[in-house]
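The values are calculated or read from the model by the stated rules, or taken from the named source; none is laboratory data. Being a predicted model, the structure only gives us computed values, none of them experimental. Every residue, glycine as well, gets a Cβ built from its backbone with ideal geometry; the counts of neighbours run over all protein chains shown. Side chains are part of the model used for accessible areas, which takes the heavy atoms of the whole protein and leaves out ligands, DNA and RNA. Shrake-Rupley method; radii C 1.70, N 1.55, O 1.52, S 1.80 Å.
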Amino acid sequence: MDPVNRCWRAQSKLEAKLTDDGLPPKGMRNRTFERIQDKIDALEIRKDAHFLPGFYRLAQRLGMSPEDLFK
């Protein structure tokens, strides 16, 4: 499994502890909820860090510059 997929899997496991709308289930302490949210935020940053370099390399192979990607 590549790093991005590992991040997705870890995030899915954390989100499974919450309700469908991302709120804490009844009885979960606020501190526990905040800790889960912090871990999810950190995983989002890690996913971007792993994904973006490969995305830029692919864009360069296709003949695009980074400026072209965000027009």
Please find, within the stretch 1-16, the residue that is farthest from the chain's Cα centre (by Cα) out of those that are part of a helix (DSSP H, G or I) and free of Cβ contacts under 8 Å to residues at least 24 places away in the same chain. Lys13
Total residues in the stretch 24-64, condition at pLDDT below 95, in a loop (DSSP other than H, G, I, E, B) and open to solvent by less than 90 Å² (accessible area, probe 1.4 Å): 2
Failed criterion for Thr19 (all others in (1) assigned to a helix (DSSP H, G or I); (2) hydroxyl-bearing (Ser, Thr, Tyr); (3) touching a Pro at 6+ places or on another chain (Cβ under 9 Å) hold): (1)
In the stretch 9-22, residues that are open to solvent by 90 Å² or more (accessible area, probe 1.4 Å) and modelled with pLDDT of 95 or more total 3
